[in-house]
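Asks: Got a structure for you, questions after.
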Amino acid sequence: MPTIPAKPLAAVLGGLLLAGSLTACGGGSTAAADTVTVYSADGLKGENGDGWYDRVFKDFEKQTGIKVKYVEGGSGEMVQRALRERTNPQADVLVTLPPFIQQADSKGLLAKYAPQGSVEVADADKAADGTWTAVVNNYFGFVYNRKELKKAPTTWEELLEGTYRNKLQYSTPGVAGDGTAVLVKAMNDFGGKEAALAYLKRLQANNVGPSASTGKLAPKVDKGELLVANGDVQMNYAQSRTMPNLGIWFPARRGGRPTTFALPYAAGLVTKAPHSENGRKLLDYMLSRTAQEQVSAIGGGFAARKDVGAKDANAAALTKIMDGVQVFRPDWNDIDKNLQTYVEDWKSATNS
């Protein structure tokens, strides 16, 4: 997979959530001993401090006294950053979407640790060797502007129409988890890589251009700068609380059923993490019943634990969103193995 260039210093600093002042400690790390550093894909932190991460980190800090240092970016970007730092790790916990959690695992970035509560996570949502586990379940989807379009699109083919010229954007495969998901879903829906790339080549005429972060697209859709963009159910549902024009939908082939697939936020302990014990404690807390019961009510997502049955209003709304949508299961091992090839072929097909 191509190396993702490091963020400019200002962008990195702007992505940090520093809960309290940090003091230096030895061992080559500049983070304090009572901190834990999280590298995460975007989507779980609220725009206004009202997301699942905001609540979980605040409660964790209050309970343990451990301050959370937070760095956010696209899934691929976070893995690449951790990879560049592997000789001097700065992160303790890594949270990404598939297939990037599998990529991190295959590159030796994750240490074996089964958090408390992970026994209640489905086998499909955690690594067999204990290197990562889902902490929030989620599904891939698209958003549209409900005010401008009045009616949601239903098919991939509709997106080729002139209505969407320079009004459509999807995040970059190989950089963003949800961007890679566009390629995964297209390959499933069109029956293979070649047919999917042929479609995405045609779609490029309407595409605004690359985006490293999926989370930045929904505000553009809400404002009407875009009519359609990719996303995921948890992130977009949470965003819709402050973005009233967002609607969630799932593209289908013409004459077919809408489809999606599970795209969980998966977390793992970083190999040789500077504060591994603090990382273990945070992973334990993320999978605690208290935190998991807040996933739908606060985060707008789906609990990772099978024994947590949410009954709040958000859970009911999420169930309705998923009604009638066919869920398929990608071969993540194949995608991890061939991701670089798929991304390079996508770049070639779309001249990206």
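The values are calculated or read from the model by the stated rules, or taken from the named source; none is laboratory data. All of these numbers come straight from a predicted model, not from anything done at the bench. Note that each Cβ is placed from the backbone with ideal geometry, even for glycine, and that neighbours are counted across all protein chains shown. Just so you know, the surface numbers come from the protein's heavy atoms only, side chains and all, with ligands and any DNA or RNA stripped out. Shrake-Rupley method; radii C 1.70, N 1.55, O 1.52, S 1.80 Å.
Asks: Please find, within the range 188-210, the residue that is most open to solvent (accessible area, probe 1.4 Å) out of those that are outside any loop (DSSP other than H, G, I, E, B) and free of Cβ contacts under 8 Å to residues at least 24 places away in the same chain.
Replies: GLU194
Asks: LYS311 - would you say it is touching a helix residue (DSSP H, G or I) at 6+ places or on another chain (Cβ under 7 Å) and open to solvent by 50 Å² or more (accessible area, probe 1.4 Å)?
Replies: Spelling it out, it is not the case that LYS311 is touching a helix residue (DSSP H, G or I) at 6+ places or on another chain (Cβ under 7 Å) and open to solvent by 50 Å² or more (accessible area, probe 1.4 Å).
Asks: Next question. Restricting attention to the range 153-184, which residues are surrounded by fewer than 17 Cβ atoms within 10 Å (Cβ to Cβ) and of a type outside the set (S, T, N, Q)?
Replies: Matches in the range 153-184: GLU157, GLU158, LEU160, GLU161, GLY162, ARG165.
Asks: Let me ask you something else. Check ARG305, ARG289 and return the single one that is under 19 Å from the mean Cα position of the chain (by Cα) and charged (D, E, K, R).
Replies: ARG305 is the lone residue from the list that is under 19 Å from the mean Cα position of the chain (by Cα) and charged (D, E, K, R).
Asks: Being among the charged types (D, E, K, R) and under 30 Å from ALA313 (Cβ atoms) narrows it down to one residue among ARG241, ARG280; which is it?
Replies: ARG241 is the lone residue from the list that is among the charged types (D, E, K, R) and under 30 Å from ALA313 (Cβ atoms).
Asks: Which of (1) open to solvent by less than 10 Å² (accessible area, probe 1.4 Å); (2) more than 20 Å from ARG289 (Cα to Cα) is the odd one out, the single condition VAL136 does not satisfy?
Replies: Here VAL136 clears every test but (2).
Asks: Separate question: How many of the residues in the range 222-237 are under 27 Å from ALA303 (Cβ atoms) and open to solvent by less than 20 Å² (accessible area, probe 1.4 Å)?
Replies: 8
Asks: Looking at LYS147, LYS185, which is the one that is at pLDDT 95 or above, closer than 18 Å to ARG257 by Cα and assigned to a helix (DSSP H, G or I)?
Replies: LYS185
Asks: Take the conditions crowded, with 24+ Cβ neighbours inside 10 Å, touching a Leu at 6+ places or on another chain (Cβ under 9 Å) and assigned to a strand (DSSP E or B) and apply them to VAL95. Does it pass?
Replies: So VAL95 passes the test.
Asks: Here is a follow-up. Quick check: is even one residue across the range 57-70 open to solvent by less than 10 Å² (accessible area, probe 1.4 Å), part of a strand (DSSP E or B) and at pLDDT 95 or above?
Replies: Within the range 57-70 (the criterion being open to solvent by less than 10 Å² (accessible area, probe 1.4 Å), part of a strand (DSSP E or B) and at pLDDT 95 or above), the answer is yes, since at least one residue qualifies.
Asks: Still on this model: Scan the range 279-298 and give yes if some residue there is more than 14 Å from VAL136 (Cβ to Cβ) and part of a strand (DSSP E or B), otherwise no.
Replies: No, the range 279-298 has no match at all.
Asks: Now, a different point. Name every residue in the range 250-286 that is open to solvent by 10 Å² or more (accessible area, probe 1.4 Å) and hydrophobic (A, V, I, L, M, F, W, C), in order of residue number.
Replies: Matches in the range 250-286: PHE250, ALA262, VAL270, ALA273.
Asks: Quickly run through the range 321-344 and pick out the residues that are open to solvent by 50 Å² or more (accessible area, probe 1.4 Å) and either farther than 16 Å from PHE261 by Cβ or assigned to a loop (DSSP other than H, G, I, E, B) (or both).
Replies: Selection gives ASP323, ARG329, ASP331, LYS337, GLN340, THR341, GLU344.
Asks: Still on this model: Do any residues in the range 41-58 that are touching a residue at least 40 places away in the same chain (Cβ under 8 Å) and within 24 Å of SER171 (Cα to Cα) have Cβ atoms under 7 Å from those of residues that are in a loop (DSSP other than H, G, I, E, B) and of a type in the set (Gly, Ala, Ser), where the two are at least six apart or on different chains, and which pairs are they?
Replies: ALA41/GLY74; ASP42/SER213; LEU44/GLY51; LEU44/GLY299; GLY51/GLY299; TRP52/GLY299; TRP52/GLY301
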